[in-house]
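Take a look at the structure below.
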2 protein chains.
Amino acid sequence: MKLKAVWMVLVLLLLGTAAQAEVVTQPVPYRHEGVTLEGYLAYDDSVKGKRPGVLVVHEWWGLNDYVRKRAEQLAGTGYVAFALDMYGKGKVTTHPQEAGEWAKQIAGNVEVWGQRALAGLKVLEKDPRVDPHRIAAIGYCFGGATVQQLAFLGAPLKGVVSFHGSPLAPTEDQAKEVKAKILICHGAADPMTPPEAVQKYIAAMEKSGLDWQLIIYGGARHSFTNPDADKVGMDALKYSKSADKRSWAHMKDFFKEIFGGK
Amino acid sequence: MKLKAVWMVLVLLLLGTAAQAEVVTQPVPYRHEGVTLEGYLAYDDSVKGKRPGVLVVHEWWGLNDYVRKRAEQLAGTGYVAFALDMYGKGKVTTHPQEAGEWAKQIAGNVEVWGQRALAGLKVLEKDPRVDPHRIAAIGYCFGGATVQQLAFLGAPLKGVVSFHGSPLAPTEDQAKEVKAKILICHGAADPMTPPEAVQKYIAAMEKSGLDWQLIIYGGARHSFTNPDADKVGMDALKYSKSADKRSWAHMKDFFKEIFGGK
């Protein structure tokens, strides 16, 4: 009976730990150059002490539920995740034309683009739960390009991961600033980055001397990680369950490497 | 004291399990078309029941210590690994010219190439520890090309992984036979597969309709997984610790997917 009691205590302890692990989320307002922004913070409040932080940059749609879920997923694996806001509080759309215009407004000015992203990174860096020496940035589509820009600005990141973002090569001067390792997750059938662009990217990165990896998922189109991609009604956009799962696993491997063992 | 005793039993049980986990290896002689071959089997004898099997195909050097170590590594993670022999018992070299000739002798005749590899696969399939429905094949350099040929022959494989092997596209007829998912791990600076060949591969695979992934490791040259690569004295060949570790992790993700949870 004593043995049984010990087992029960052990089981209860284990169950208790699992039940306490709860992802807490909260909107975080902040400003950049007079623009009111609102990001989305997610973390597991059963985790004690400082831990790696992951900045999440949204697709051209803006900070929507999809990217919130990604932040929650990251929090569930023990990181502090912050989905930043590139457009302005509540500025979200489902219309490709509007999304395209908004993305262009930001990305059209490289200075604004980078600084707006840095403003989001600062929010994450200052979070008391975050180890500021272990931060990565991931991004989807427009956000994938954004995290590469962050790297080129010399942001203090251990690594960046781009999911179906345009692969960007740094200038010679930018390459000197880069601290982050770079992982590009790309769909082979993504018409927004045709084969010639991939080819050019590889050649430019080989010249850059940076630490980079490019993973090409056969058959995957643009937006392959987003289950809502098919709803848009654009042939270029399509969810791929296999490429989604694979790229997430590849990101986790990358985090293990750059964060050390986590 | 009762509690302490229970803990001690638990700890001893755990230690006991760890101590028993031992990789057993043995040479396995077999024949193909009158040629005497000798492969190398490795498994963990503390694992009970049938488990996935991994066929390992050597570089152009032949079945040497490097590929034996890979088989042992795979056995250490719970698989039954069989390093097959493409050349003939004891036929191993460290001279690139000789290695090139031997590889050409085999690969020059596609029929012999495939059948010789299938003979090795059969040895693994028949191993009583192996679940014949969960077999993958991995290969290095010449062996990477070989496992792709195996897939094109319609071999009953869940997946194939090529490390710095030439990426090969199947003919239309071959593509219909393929049962395996395909993962190509490629060094961006591998002169044996220049960028144009990579480009062609991507285009051909997109037409094939197969399940494929291509991972490109920035800066990695040919033979990037082999710590002895630098000893050869060829500029094209160089070990890369980061690309080695990354590609091994990517292979493990792939196995998790194709073998289901392992």
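The values are calculated or read from the model by the stated rules, or taken from the named source; none is laboratory data. Predicted model, so just to flag it, every value in this text is computed and none were measured. Cβ sites come from the backbone with ideal geometry, for glycine too, and all protein chains shown count toward neighbours. Only protein heavy atoms, including side chains, enter the accessible area calculation; ligands, DNA and RNA are left aside. Shrake-Rupley method; radii C 1.70, N 1.55, O 1.52, S 1.80 Å.
Distances between equivalent label points of B:T36 across the copies, with each point positioned 7 Å along Cα→Cβ, amount to 8.5 nm, shortest listed first.
A cut-off under 13 angstrom between Cβ atoms defines the neighbours of B:W102, and their net charge, with Lys, Arg +1 and Asp, Glu -1, is -1. Please give the residues of region B:82-114, grouped as numeric ranges, whose backbone N is less than 20 Å from a label point set 7 Å along the Cα-to-Cβ vector of B:E33. Within reach of a label on B:E33: B:84-92, B:99-114. Calculate the tail of P(r) for region A:136-215: the fraction of all Cα-Cα distances greater than 19 Å, expressed in %. In whole percent, the share of Cα-Cα pairs in region A:136-215 beyond 19 Å is 25. The eigenvalues of the Cα gyration tensor, multiplied by 5 and square-rooted, give the protein assembly as shown an equivalent ellipsoid with semi-axes of 42, 32, 20 Å from largest to smallest. Here r is the Cβ-Cβ distance between B:E98 and A:T171 and R0 is 45 Å; the resulting FRET efficiency, rounded to 0.05, is 0.45. For region B:9-160, the normalised intensity computed at q = 0.08, 0.17, 0.19, 0.20 Å⁻¹ comes to -0.23, -0.89, -1.08, -1.19 (log10 of I(q)/I(0), Debye sum over alpha carbons, equal scatterers, no solvent).
Per the Debye formula on identical point scatterers at the alpha carbon atoms of chain A, with no solvent, log10 I(q)/I(0) at q = 0.09 Å⁻¹ is -0.40.
Using a cut-off of 29 Å between Cα atoms, the listed pairs A:K126/B:K252; A:K89/A:K122; A:K48/B:K241; B:K126/B:K241; B:K181/B:K231 include A:K126/B:K252; A:K48/B:K241; B:K126/B:K241; B:K181/B:K231 as exceeding that distance. Please give the length that would be gained between B:W248 and B:V47 if that part of the chain were fully extended, namely 0.36 nm times their separation in residues minus their C-alpha to C-alpha distance (nm, one decimal). This chain segment gains 70.2 nm when fully extended. For the pair A:N109 and B:K179, a Förster radius of 60 Å applied to the C-beta separation gives a FRET efficiency near 0.70, rounded to the nearest 0.05. The mean sequence separation of alpha-carbon pairs under 8 Å and at least six residues apart, normalised by the residue count of region A:61-125, gives a relative contact order of 36 percent. With R₀ set to 35 Å, the beta-carbon distance separating B:D230 from B:Q199 gives a calculated FRET efficiency near 0.75.
Of the listed residues B:S242, A:S247, A:S240, the order by accessible area with a 1.4 Å probe, largest first, is B:S242, A:S240, A:S247.
Can you tell me what share of the DSSP beta bridges in chain B is antiparallel? A percent to the nearest 5 is fine. Beta bridges within chain B, antiparallel portion: roughly 30 percent. Working from the Cα coordinates of region A:77-186, the gyration tensor eigenvalues give, after taking √(5λ), semi-axes of 21, 18, 13 Å in decreasing order. Ordered shortest first, which distances in nm separate the 7 Å Cα→C-beta label point of B:G233 from those of the other copies? Spacings between copies for this position, smallest first, are 6.8 nm. When only Cα pairs below 8 angstrom with a gap of at least 6 residues are kept, chain B shows a relative contact order of 14 percent. Across the identical copies, the label point of B:K122 (7 Å from Cα in the Cβ direction) is separated from its matches by 7.0 nm, in order from shortest.
Residues whose amide H comes within less than 5 Å of that of B:G219, counting only those at least five positions distant or on another chain, are B:A188, B:A189 (H built at 1.01 Å from N in the peptide plane). A simple count of charges around B:E38, restricted to other residues whose Cβ falls under 12 Å of its Cβ and scoring Lys, Arg +1 and Asp, Glu -1, yields +3.
Proximity of backbone amide H atoms, modeled 1.01 Å from N, is registered between B:Y239 and B:A229, B:D230 at under 5 Å, excluding neighbours fewer than 5 places apart on the same chain.
If all Cα-Cα distances of region A:211-262 are sorted into 10 Å bins from 0 onward, what percent lands in each bin, rounded to whole numbers? That works out to 25, 41, 25, 9, 0, in percent per bin.
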